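Accompanying notes for the structure given below.
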Amino acid sequence: MKKILLYITLILSFSLLIVIGLSMKEDKVSKILTVSTEYLYLYDDDHYMRFMFFVNVNHPITIKESYDDIYIHDELMHERMTLNIKGIEKSHDESYLNETYHAYEIITDIPYLGIDYKLNDAFITITLQNGDTYTLYLGHLSILKKTSSSSHINWTNLYGIKEDNEHLSRLRYIDLYFDILNEDILKIDIGSMHETSFLLYEDYIRITITEAPFLLYQCPLRIYYQNGDIDTIFTFTYLKDYEILKESGLLVHHGTLN
């Protein structure tokens, strides 16, 4: 009799665990996250823009063929720019708030605008084939127009550096190494809404970027010379971090998926 009661107890306990497990699985909220980022680009036919988001489930928003429409805009929709999506790439996985998140990048053409374009508070709206629409906060978007380069500098290497003891995925310095520089530099622009400064050394230029509550891991360089000429270097990725969510704190924006 005791053995029968033991078996019944074990069966009931096991059944209860299954029910609890299924309940927890059903209650899991499908989430999508973005992180405030400075997305800085220089227009070129052969280069693309990439916008990162994170999801904790498998979802059609990670599949290019599921997209019906995608555009960038400001909060009040006074400015709107339709994008031509080229693909969606899986980047990496992260652990955040006791869940696993999968990082993806939306890849689009860089729109030709013919002017320098800056949107300080940029959102991206995605409409899927099933009619679901999601609006996500991006941060700052800058697209610098293409200019003719003067070749006053022959650069050899680029290095991106964070601030000491900084875990946030944000550039603080860029070291631009060169073997030829034959004109005085007036200023260097990366397209940021925050100021930059520079110091010239014997064989490299150290560009300092103002600290700000945005991720910044890639940017172009536009070098202005005293004589009015300009040199450009296309968008280069300086940092690649794999614990972005954990280190970004209040910069993380939370949303839910249908």
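Across segment 226-237, not a single residue is classified as closer than 30 Å to Ala103 by Cβ, in contact with a strand residue (DSSP E or B) (Cβ under 8 Å, 6 or more places away or on another chain), surrounded by 13 or more Cβ atoms within 10 Å (Cβ to Cβ) and at pLDDT 95 or above. Just name the residue that is nearest to the chain's Cα centre (by Cα) out of those in segment 178-192 that are in a strand (DSSP E or B) and in contact (Cβ under 8 Å) with a residue 40 or more places away in the chain. The extreme case among them is Asp189. Is it fair to say Thr135 is among the polar types (S, T, N, Q), surrounded by fewer than 15 Cβ atoms within 10 Å (Cβ to Cβ) and at negative phi? Taking the combined requirement at face value, the residue satisfies it. Within segment 48-69, the set of residues being farther than 19 Å from His254 by Cα and either among the small types (Gly, Ala, Ser) or out of contact with any Asp or Glu (no Cβ under 6 Å at 6 or more places or on another chain) (or both) comprises Tyr48, Met49, Ile63, Lys64, Glu65, Ser66, Tyr67, Asp68, Asp69. So is Gly249 more than 30 Å from Glu99 (Cα to Cα), among the small types (Gly, Ala, Ser) and either modelled with pLDDT under 95 or in contact with a helix residue (DSSP H, G or I) (Cβ under 6 Å, 6 or more places away or on another chain) (or both) or not? No.
The values are calculated or read from the model by the stated rules, or taken from the named source; none is laboratory data. Because the structure is a prediction, the values reported are computed rather than measured. All Cβ positions, glycine included, derive from the backbone under ideal geometry; neighbour counts span all protein chains shown.
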